[in-house]
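A.B. asks: Below is the structure I would like to discuss, written out as structure tokens.
The values are calculated or read from the model by the stated rules, or taken from the named source; none is laboratory data. Predicted, not measured: the structure shown is a model, and the values here were computed from it. Note that each Cβ is placed from the backbone with ideal geometry, even for glycine, and that neighbours are counted across all protein chains shown. For accessibility, only protein heavy atoms count, side chains too; no ligands or nucleic acids. Shrake-Rupley method; radii C 1.70, N 1.55, O 1.52, S 1.80 Å.
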Amino acid sequence: MTDVYTIVSYLFQIYFYMIIVYVLMSWLPNLQESFIGELLGKLVEPYLSPFRRFIPPIMGMLDISPIVAIFVLQFVQQGVITILKFFF
């Protein structure tokens, strides 16, 4: 049963790193227009967009919504792992 815990944990970590890479790629617009940038956008934007709707950029420039999204993702990860430990 540890395999389920390990797989879920790895999936959350992979998504975490996908968000980090996507945010870093936003500093270089040409990278976001590449194949990998567009693929990451299709995978990450559906998760980030609700946070961007409710958290406005600071001074119109600094978007902190990915930071909040990462905290929420980590919180959900801990909850899912706890539930998996309880049932398995």
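A.B. asks: Among the residues of segment 1-21, write down those that are open to solvent by 70 Å² or more (accessible area, probe 1.4 Å) and within 10 Å of the chain's Cα centre (by Cα). First the steps, then the outcome.
C.D. replies: Step one: of segment 1-21, the residues open to solvent by 70 Å² or more (accessible area, probe 1.4 Å) are 1-3, 5, 7, 10-11, 14, 17.
Of everything in segment 1-21, those that are open to solvent by 70 Å² or more (accessible area, probe 1.4 Å) and within 10 Å of the chain's Cα centre (by Cα) turn out to be ILE14, TYR17.
A.B. asks: Oh, and also: Specify which of the listed residues (TYR5, TYR22) is modelled with pLDDT under 90 and in contact with a helix residue (DSSP H, G or I) (Cβ under 6 Å, 6 or more places away or on another chain). So that I can check it myself, show each step before the final result.
C.D. replies: Details: TYR22 fails: modelled with pLDDT under 90.
Exactly one residue qualifies, and that residue is TYR5.
A.B. asks: In addition: Is segment 41-55 home to any residue that is at negative phi, in contact with a Pro (Cβ under 6 Å, 6 or more places away or on another chain), of a type outside the set (Ser, Thr, Tyr) and not in a helix (DSSP H, G or I)?
C.D. replies: Checking segment 41-55: not a single residue is at negative phi, in contact with a Pro (Cβ under 6 Å, 6 or more places away or on another chain), of a type outside the set (Ser, Thr, Tyr) and not in a helix (DSSP H, G or I).
Residue-by-condition table, conditions (1) over 27 Å from ASP3 (Cβ atoms); (2) loosely packed, with under 14 Cβ neighbours inside 10 Å; (3) in contact with a Leu (Cβ under 7 Å, 6 or more places away or on another chain); (4) of a type in the set (S, T, N, Q):
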site	(1), (2), (3), (4)
VAL23	yes, no, no, no
PRO29	yes, yes, no, no
GLU33	yes, yes, no, no
PRO46	yes, yes, no, no
PRO50	yes, yes, no, no
PHE54	yes, yes, no, no
GLY60	yes, yes, no, no
PHE75	no, yes, no, no
ILE81	no, no, no, no
